[in-house]
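J.: One structure, as structure tokens, below. Some questions next.
Computed from the coordinates by the stated procedures, all read-outs in this text should not be read as laboratory data. Since this is a predicted model, take the numbers as computed values, not measurements. Here the Cβ positions follow ideal geometry from the backbone for every residue, glycine too, while neighbour counts run over all protein chains shown.
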Amino acid sequence: MKTIQELEKDYDLEFDKVISEIKKTKAKLVLLQFPDGLKPYATAVVDYLEEKTKAEFIIWLDTCYGACDTPVGLDNLKPKIDLVIQFGHNELQPTH
């Protein structure tokens, strides 16, 4: 299993902003979407965010090819998802 420490060596996923948004919106159920390269870290990210917030998390395991690739059919899920957070790569990452 990948660790949050390994992830933070190579990527800045702006966890402070993520935690702030979860708390600001009072989200109870959060869907996390990762590109394939970050999916091995998904459970470590959930563990970390669960320690920092009171939210519960769902990991979206289908495709994620960029900001326009948002999950379809979320309106039909029960309980309702309060917040979707999409992690991704960009030209500034990894940091070394």
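J.: Given the conditions (1) under 13 Å from residue 87 (Cβ atoms); (2) surrounded by fewer than 19 Cβ atoms within 10 Å (Cβ to Cβ), and given that residue 19 satisfies all but one, which numbered condition is not satisfied?
T.: The number of the failed condition is (1).
J.: Now for a different question. Which numbered condition trips up residue 40, out of (1) farther than 15 Å from residue 87 by Cα; (2) loosely packed, with under 14 Cβ neighbours inside 10 Å?
T.: (1)
J.: Within region 23-36, which residues are surrounded by 15 or more Cβ atoms within 10 Å (Cβ to Cβ) and more than 11 Å from the chain's Cα centre (by Cα)? Full working, then the answer.
T.: First pass over region 23-36, keeping only residues surrounded by 15 or more Cβ atoms within 10 Å (Cβ to Cβ): 27-28, 30-35.
27, 28, listed by residue number.
J.: Please go through region 19-42 and pick out each residue that is within 17 Å of residue 54 (Cβ to Cβ) and touching a Ser or Thr at 6+ places or on another chain (Cβ under 9 Å). Write out each step before concluding.
T.: First pass over region 19-42, keeping only residues within 17 Å of residue 54 (Cβ to Cβ): 19-32.
Within region 19-42, 19, 22, 23, 27, 30 qualify.
J.: Related question: Restricting attention to region 18-39, which residues are farther than 15 Å from residue 88 by Cβ, in contact (Cβ under 8 Å) with a residue 24 or more places away in the chain, in a helix (DSSP H, G or I) and not basic (Lys, Arg)?
T.: Those that are farther than 15 Å from residue 88 by Cβ, in contact (Cβ under 8 Å) with a residue 24 or more places away in the chain, in a helix (DSSP H, G or I) and not basic (Lys, Arg): 19, 21, 22, 25.
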